[in-house]
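Student: Take a look at the following structure, please.
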Ligand SMILES: C[S@@+](CC[C@H](N)C(=O)[O-])C[C@H]1O[C@@H](n2cnc3c(N)ncnc32)[C@H](O)[C@@H]1O
């Protein structure tokens, strides 16, 4: 048995939110073998960016920003401009990112016809670490499954504790997108599986799969910061590099916001990694986008199931045998 799981950007599935895919039943590694050297500068500074947008677009824009290069986003109700229905999204970017391009692409991907106003302030890695450490507490995803920040002590030593330092990558275990995948993995991993984590971020899902009993996992991402974080997290959880293989893959033209995402076929690509009968799951879907996603994936998957949390959904199914 094999399992593949992943998460890809909003811009790939335009207007569809970040999407995870999980394939159980087998996958091919041959497409992931172009690994680049990873930068690791612990003193690197970061950019703190406040973006103004209308309240009704805040969730979508926030999600799209993550997909176009922001390391984190949060909607700041306190500093929002209530009178004119504008809200402030506080985000963090790695110093190397082109913030204007990211906001332009994110706005475009959710159909905004203008570039939202934004303000950029430079910060230092040590401030970022301090902020993260203060805000990140152990999370019990389901009974017996805890996500524990590296700098905190596990509360239940009998539980499955995933020790995590997200660094500049997405995946603290707090977001419904991640939680829905963790719950699914908890349910379907029985032992001995292989697992592909497509858009691994902090590596949280691959590490969880291995802790639940999978034999082998591969995490891929287009963001070097994600691979750095995932590698660190694997070490924190005593997972060897031959058991969890991590690959930085190039961000291809499929990520262009101008591409027709639904027809360029990332879904074909994701499903192609699975063997017939494998489970494939997609998460990070906003509920109103479900009919379109289900319609698209029905071509490739059978026995489709949907799980929901807040406004988010996870779609899973088995790869058709013909
Ligand atoms: C929302 S995060 C999910 C992280 C983690 N899997 C989780 O569930 O918490 C999405 C991740 O997908 C990565 N990503 C985006 N586009 C991708 C692509 N085309 N191929 C691989 N990874 C991609 C992003 O860099 C990011 O780390």
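Student: With the requirement that a residue be part of a loop (DSSP other than H, G, I, E, B) and crowded, with 21+ Cβ neighbours inside 10 Å, what does the stretch 266-322 give you? Break it down into steps so the answer makes sense when it comes.
Tutor: We begin by selecting, within the stretch 266-322, every residue part of a loop (DSSP other than H, G, I, E, B); these are 273-278, 298-300, 310-311, 320-322.
Result: 273, 274, 278.
Student: Filter the stretch 238-265 down to the residues that are farther than 29 Å from residue 96 by Cα and modelled with pLDDT of 80 or more, then identify the one that is surrounded by the most Cβ atoms within 10 Å (Cβ to Cβ).
Tutor: If we take residues in the stretch 238-265 being farther than 29 Å from residue 96 by Cα and modelled with pLDDT of 80 or more, then 239 is surrounded by the most Cβ atoms within 10 Å (Cβ to Cβ).
Student: Could you list, in sequence order, all residues of the stretch 188-224 that are surrounded by fewer than 24 Cβ atoms within 10 Å (Cβ to Cβ) and either farther than 13 Å from residue 245 by Cα or touching a helix residue (DSSP H, G or I) at 6+ places or on another chain (Cβ under 6 Å) (or both)?
Tutor: Answer for the stretch 188-224, where residues must be surrounded by fewer than 24 Cβ atoms within 10 Å (Cβ to Cβ) and either farther than 13 Å from residue 245 by Cα or touching a helix residue (DSSP H, G or I) at 6+ places or on another chain (Cβ under 6 Å) (or both): 188, 189, 190, 191, 192, 211, 212, 213, 222, 223, 224.
Student: Which of the strands (runs of 3 or more DSSP E) found entirely inside the stretch 95-214 contain at least 1 residues meeting this: under 17 Å from residue 66 (Cα atoms)?
Tutor: Working: elements: 118-124, 139-142, 145-149, 160-164, 194-198.
The qualifying strands (runs of 3 or more DSSP E) are 118-124, 194-198.
Student: Please give the number of the condition residue 149 fails out of (1) in contact with a helix residue (DSSP H, G or I) (Cβ under 6 Å, 6 or more places away or on another chain); (2) within 15 Å of the ligand (Cβ to nearest atom).
Tutor: Of the numbered conditions (1) in contact with a helix residue (DSSP H, G or I) (Cβ under 6 Å, 6 or more places away or on another chain); (2) within 15 Å of the ligand (Cβ to nearest atom), the odd one out for residue 149 is (1).
Here's the yes/no breakdown for (1) without any contact (Cβ under 8 Å) to a residue 12 or more places away in the chain; (2) part of a helix (DSSP H, G or I); (3) away from the ligand (no atom under 11 Å from the Cβ):
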| position | (1), (2), (3) |
| --- | --- |
| 220 | no, no, no |
| 226 | no, yes, no |
| 229 | no, yes, no |
| 240 | yes, no, yes |
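Student: From 133, 78, which residue is at pLDDT below 90 and surrounded by fewer than 12 Cβ atoms within 10 Å (Cβ to Cβ)? If you could, list the steps in order and put the result at the bottom.
Tutor: Details: 133 fails: surrounded by fewer than 12 Cβ atoms within 10 Å (Cβ to Cβ).
Testing whether each residue is at pLDDT below 90 and surrounded by fewer than 12 Cβ atoms within 10 Å (Cβ to Cβ) leaves just 78.
Student: Separate question: Can you tell me which residues in the stretch 61-76 are part of a helix (DSSP H, G or I) and away from the ligand (no atom under 14 Å from the Cβ)? Don't jump to the end; show me each part of the working.
Tutor: Going residue by residue through the stretch 61-76, those that are part of a helix (DSSP H, G or I) are 61-67.
61, the sole residue that qualifies.
Student: From the list 201, 192, which one is within 9 Å of the ligand (Cβ to nearest atom) and on the phi > 0 side of the Ramachandran plot?
Tutor: Values: 192 fails: within 9 Å of the ligand (Cβ to nearest atom).
That would be 201, the only listed residue that is within 9 Å of the ligand (Cβ to nearest atom) and on the phi > 0 side of the Ramachandran plot.
The values are calculated or read from the model by the stated rules, or taken from the named source; none is laboratory data. Remember, it's a predicted structure, so these values are computed and weren't measured experimentally. Glycine also receives a Cβ, built like all others from the backbone with ideal geometry; neighbour counts cover every protein chain displayed.
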